[in-house]
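This report concerns only the one structure given below.
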Amino acid sequence: MSRFVYADNAATTKLSANAFEAMKPYLTEYYGNPSSLYHIGVETRKAVDNARADVAKALNASKPNEIYFTSGGSESDNWAIKGAAELGAKKGRKHIISSKFEHHAVLHTLEYLEKHGYEVTLLEVHEDGLVRPEELEAAIREDTALVTIMFANNEIGTIQPIKELAAIAHKHGVLFHTDAVQAVGTVPVDIQDLGVDLLSLSSHKFHGPKGVGALYIKKGIRLPALIHGGAQERGIRAGTENIAGVVGMAAALKESTEHIPERNPRLEKIRDKLIDGLLTIDRSRINGDRKSRLPGNINMCFQGIEGESLLLMLDMQGVEASSGSACTSGSLDPSHVLLSIGLPHEIAHGSLRLTFSDDNTEEDVDYILEVLPPIIERLRSMSPLWEKIIKENNENI
Amino acid sequence: MAYSEKVMDHFANPRNVGEMPDADGIGEVGNPKCGDIMKMYIKVKDDTITDVSFKTFGCGAAIATSSMATELVKGKSITDALTLTNKAVMEALDGLPPVKVHCSVLAEQAIKAALSDYYKRQGIDPEPIVGTIPECEECSFEEG
């Protein structure tokens, strides 16, 4: 029986109905500029302020004005890292520490800074996809300006010990930023408890609208302006506010955060059922630590096949997923995340990522377990690489 | 990325798939590191390719171009098969996305590799006839 299963929620999520309803008035009747004094401007100003307060509350930031609205995760990452780098340079600190498997919004920003005289150290993430706190401590230097480590990895879903890592950075007087794009709305994120200085988030990862996000900037950190212009966002990120966007984001964040206690145990259960089921396939593996992992993340490799053909065949069966193969990344190399955990190219090409949200059910898992194994079998039957793997193994036995 | 209907058809229903135990020529190109390997088998009688089959590890375009290449040389004389170009494979598939053009190059090379093997088995030096099959430039990884 055919079914539609959207299992690519790490890429983006469906807009929540509540968020959509909350946005509507600001796409229609309330079109006033929040910087204006008249009635419809005052209404939109209130909406922006309320959204900021709601986001601050959901993340347990100490004050709403620590939340700065942006166009999304990439902008927040760029702003946090380039801004912290500039602050560091003023004190003669031009060294930044990050990890090998950050999102490209972080890695490419760091490459840009390297071209402008900064030094970057990328920490190993090991086979389990986890940064070691002692390795961070060992990498910190006198001139380290910033440590930026992602909260949860977008491909393999591993969750870093952010609180511990931030404490180490602070022990040495170094700012700490986390790209929490995959974590916010998905797992509990308590900013005051974590003790981070800067945190990036993106609305469309938790059923909010696309094109909007936020950067948390701890009170007292005078991050340089990203966009110069008007007085919006305390004058450091100018431009008329994306009112409907921030309202939708706040509504979605509230909803997805409230659902965590009910949703996560349920998702963990169906995630583990799927992983265990897929691990019964010959020469398959799970990528990244199984315990310190996002509740909806499944990332597997199947030897002897290539990810894109797997995705196309899954799509024909109504299952929408993603892969870290070269052919799906638009480059010649497979995903840098899979290479960073030590996978050889030929195995990384055969990767499959399935990411679940509130909308996924155990029926979805059962359906995937029904359609996926025959697809793998079919692709392997036409793969000369699989033929070789089997032959070599037989010779060994 | 959008594939043409023909690409999707040849991907979903590939023609001439499988090993050929009594092949007269077998060619293999590509490597696992790059994410695509094509293996072509040909059966030749009276200088005509009477049968052809393939096995491919790779993306949708790799499978579709392999399938189309086998269709284009099946029943052809070996001299005709030698003139197969990646462009002809692409055109027959109503085009490929730019990043997938290398798959059609691989398909052309796989046919040529099978023909080279055939000539070798006949005791004929294939190089003056087929030419050398270049290493895939894009796939020259640095070992490390």
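Within the set A:369, A:352, A:343, the sole residue that is surrounded by 23 or more Cβ atoms within 10 Å (Cβ to Cβ) and either assigned to a helix (DSSP H, G or I) or more than 8 Å from chain B (Cβ to nearest Cβ) (or both) turns out to be A:352.
For first residues located in segment B:1-22 and within 12 Å of chain A (Cβ to nearest Cβ) and surrounded by 16 or more Cβ atoms within 10 Å (Cβ to Cβ), partners that are in a loop (DSSP other than H, G, I, E, B) and at pLDDT 95 or above and lie 6+ apart or on another chain with Cβ distances below 6 Å form the pairs B:7/B:93; B:17/A:382. Looking at (1) touching a residue at least 24 places away in the same chain (Cβ under 8 Å); (2) within 14 Å of chain B (Cβ to nearest Cβ), can you tell me which one residue A:315 breaks? Tallying (1) touching a residue at least 24 places away in the same chain (Cβ under 8 Å); (2) within 14 Å of chain B (Cβ to nearest Cβ), residue A:315 fails exactly one: (1). A single entry from A:146, A:199 fulfils the requirement of being within 22 Å of residue A:252 (Cα to Cα), touching a residue at least 60 places away in the same chain (Cβ under 8 Å) and in contact with a Phe, Trp or Tyr (Cβ under 8 Å, 6 or more places away or on another chain): A:199. Note on segment A:309-327: residues that are farther than 21 Å from residue A:103 by Cβ, buried (at least 22 other Cβ atoms within 10 Å of the Cβ) and small (Gly, Ala, Ser) amount to 1. Taken over segment A:283-308, the criterion of being away from chain B (no Cβ under 14 Å), buried (at least 16 other Cβ atoms within 10 Å of the Cβ) and not β-branched (Val, Ile, Thr) is satisfied by A:284, A:285, A:287, A:288, A:289, A:293, A:294, A:295, A:296, A:297, A:299, A:300. Within segment B:17-36, restricting attention to residues that are of a type in the set (Gly, Ala, Ser), in contact with a strand residue (DSSP E or B) (Cβ under 7 Å, 6 or more places away or on another chain) and in a loop (DSSP other than H, G, I, E, B), the residue that is nearest to residue A:380 (Cα to Cα) is B:18. For segment B:75-113, filtered to residues that are touching a residue at least 40 places away in the same chain (Cβ under 8 Å) and among the β-branched types (Val, Ile, Thr), the residue that is nearest to the other protein chains (Cβ to nearest Cβ) is B:99.
Each residue in segment B:19-39 was checked for being over 27 Å from residue A:324 (Cα atoms) and either touching a Cys at 6+ places or on another chain (Cβ under 7 Å) or not charged (D, E, K, R) (or both), and 6 pass. Exactly one residue among B:65, B:56 is assigned to a strand (DSSP E or B), within 14 Å of chain A (Cβ to nearest Cβ), modelled with pLDDT of 95 or more and buried (at least 22 other Cβ atoms within 10 Å of the Cβ), and that residue is B:56.
Would you confirm whether or not segment A:180-194 contains a residue that is among the charged types (D, E, K, R), outside any loop (DSSP other than H, G, I, E, B), farther than 19 Å from residue A:79 by Cβ and modelled with pLDDT of 95 or more? Yes, segment A:180-194 contains at least one residue that is among the charged types (D, E, K, R), outside any loop (DSSP other than H, G, I, E, B), farther than 19 Å from residue A:79 by Cβ and modelled with pLDDT of 95 or more. Residues of segment A:240-255 include none that is in contact with a helix residue (DSSP H, G or I) (Cβ under 8 Å, 6 or more places away or on another chain), assigned to a loop (DSSP other than H, G, I, E, B) and surrounded by fewer than 20 Cβ atoms within 10 Å (Cβ to Cβ). Consider segment B:114-144 and keep the residues that are assigned to a helix (DSSP H, G or I) and at pLDDT 95 or above. The one that is nearest to the other protein chains (Cβ to nearest Cβ) is B:114. Out of everything in segment B:24-52 that is surrounded by fewer than 21 Cβ atoms within 10 Å (Cβ to Cβ) and within 13 Å of chain A (Cβ to nearest Cβ), what residue ends up being farthest from residue A:313 (Cα to Cα)? Top of the filtered list is B:26.
The values are calculated or read from the model by the stated rules, or taken from the named source; none is laboratory data. Keep in mind the model is a prediction, meaning the values are calculated, not measured. Backbone-built Cβ (ideal geometry, glycine too); neighbour counts: all protein chains shown.
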